[in-house]
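A quick write-up on the structure given underneath.
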Amino acid sequence: MNDTVVLSRTPVPLSVVVPLYNEEESLEELHEEICRCADRVGCEFEVVYVDDGSIDRSFEVLSRIHQRDPRAKVVRFRKNSGKADALSAGFALCSGDRIVTLDADLQDDPAEIPNLLSALDHGYDLVSGWKKRRRDPITKRWPSRMFNRITSLVTGIRLHDFNCGLKAYRREVVETVRIAGELHRYIPVLAAREGFHVGEIVVNHRPRKYGKTKYGPSRFFNGFFDLVTVLFLGRYTKRPLHLFGLVGGMIFIAGLAITLYLVVLRMTHRAFLSNRPLLFIGVLLLIVGVQFFSLGLLGEMVSRSHDSHHGFRIRQTLGV
């Protein structure tokens with residue numbers, strides 16, 4: 001099948017997008033719960049499962065679900081590309097005016113779907129879940145709590161849980177916000193930067209029933225680097241020279257001041273400079289300052305010409 005999928009959408013009021021990787025044991029139970037809870041909303045809906053290159057029998061289970069329930073749509077990646085790409089594919093291929101996302105491990109409770117949609121009806125464009133009573137080991141809870149507090153402080157977005165899988169969106173949000181790498185953690189930040197109204201409600205969180213977590217300690221280091229990325233993208237994507245030029249200018253001025261001081265010292269005191277480490281520091285700062293400034297200019301050119309695209313490849317689809 002071709003990597004590019006051309007859609008002819010039949011809009012529905014609600015889409016539920018579920019990214020997954022190696023979750024064969026939970027999918028049957030999850031689909032039953034989603035359908036039961038979405039039926040309570042009282043509107044047509046679809047469930048879009050994005051299989052992020054699973055190496056277990058997840059796709060076989062999803063195929064059986066699709067055969068008996070055409071509301072289940074399936075997208076299968078050729079290889080594991082990460083949650084951000086899985087969400088991006090789900091957003092691109094779903095047709096709902098309102099979109100709910102949740103993880104496939106059964107820890108996110110589908111019973112929260114009506115509550116999230118009700119919060120959207122109160123004027124929010126994006127509603128994020130808050131796992132106030134998180135059913136995870138303390139080794140995951142405390143680092144996550146620290147990560148969320150730092151993110152809230154640095155970004156100015158007052159949420160308690162940025163990375164909760166349970167979220168509800170209006171369609172214009174997912175059509176505007178672009179996520180790549182591992183920036184799915186910061187969708188509320190990216191949405192708020194675009195002017196959307198972001199809210200939060202407390203949601204039920206359940207213990208893991210099947211399998212094991214797909215995330216290790218590295219996710220917190222990755223989260224820190226992604227936070228730096230988000231801050232840069234929010235402030236300097238369209239004007240990278242403002243950042244690199246400022247840093248480069250300060251370094252260049254420091255190097256210039258050192259060099260001028262040494263020149264004056266040479267002229268007034270006939271001092272020898274070749275054995276002074278300060279001379280080499282001054283020259284180094286001048287060179288580094290020019291390099292930072294040049295990097296900013298290159299960033300300006302790239303930001304005006306680069307057309308970014310996602311790196312995922314679709315292997316197979318069912319129902320889309």
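The values are calculated or read from the model by the stated rules, or taken from the named source; none is laboratory data. Values in this document were obtained by computation on a predicted structure and should not be read as measured data. We place every Cβ from the backbone using ideal geometry, glycine too, and count neighbours over all the protein chains shown.
Computed quantities for the displayed model
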quantity	calculated
Members of region 94-107 that are crowded, with 21+ Cβ neighbours inside 10 Å, farther than 17 Å from Val41 by Cα and within 18 Å of the chain's Cα centre (by Cα)	Ala104
Odd one out for Val47, checked against (1) in contact with a Ser or Thr (Cβ under 9 Å, 6 or more places away or on another chain); (2) farther than 18 Å from Arg171 by Cα; (3) without any contact (Cβ under 8 Å) to a residue 40 or more places away in the chain	(2)
Matching residues, region 32-44, being farther than 19 Å from Leu20 by Cα and touching a Pro at 6+ places or on another chain (Cβ under 7 Å)	Cys37, Arg40, Val41, Cys43, Glu44
Residue in region 122-132 that is closer than 14 Å to Arg170 by Cβ, in the same structural domain as Glu33 (by TED's automatic domain parsing) and modelled with pLDDT under 95 present	yes
Failed item in (1) out of contact with any Phe, Trp or Tyr (no Cβ under 7 Å at 6 or more places or on another chain); (2) surrounded by fewer than 21 Cβ atoms within 10 Å (Cβ to Cβ), with His184 passing the rest	(2)
Test: residue in region 205-215 that is at pLDDT 90 or above and either crowded, with 21+ Cβ neighbours inside 10 Å or under 24 Å from Asp121 (Cβ atoms) (or both)	yes
Residue within region 73-90 that is assigned to a loop (DSSP other than H, G, I, E, B), in the same structural domain as Arg171 (by TED's automatic domain parsing), among the charged types (D, E, K, R) and without any contact (Cβ under 8 Å) to a residue 40 or more places away in the chain present	no
Residues that are under 20 Å from the mean Cα position of the chain (by Cα) and of a type in the set (Val, Ile, Thr), drawn from region 59-88	Val75
Where a residue in region 12-30 is in contact (Cβ under 8 Å) with a residue 12 or more places away in the chain and its partner, wherever it lies, is among the basic types (Lys, Arg), with Cβ under 7 Å and at least six apart	Pro13/Arg98; Leu14/Arg98; Pro19/Lys83; Tyr21/Lys214; Glu24/Arg57; Ser26/Lys209
Leu153 being touching a Leu at 6+ places or on another chain (Cβ under 6 Å) and either closer than 26 Å to Ser58 by Cα or surrounded by fewer than 18 Cβ atoms within 10 Å (Cβ to Cβ) (or both)	no
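Yes/no matrix, rows are residues, columns are (1) part of a helix (DSSP H, G or I); (2) at pLDDT 85 or above; (3) among the β-branched types (Val, Ile, Thr):
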{"position": "Gly255", "(1), (2), (3)": "yes, yes, no"}
{"position": "Ile258", "(1), (2), (3)": "yes, yes, yes"}
{"position": "Tyr261", "(1), (2), (3)": "yes, yes, no"}
{"position": "Arg266", "(1), (2), (3)": "yes, no, no"}
{"position": "Phe272", "(1), (2), (3)": "no, no, no"}
{"position": "Asn275", "(1), (2), (3)": "no, no, no"}
{"position": "Phe280", "(1), (2), (3)": "yes, yes, no"}
{"position": "Leu285", "(1), (2), (3)": "yes, yes, no"}
{"position": "Phe293", "(1), (2), (3)": "yes, no, no"}
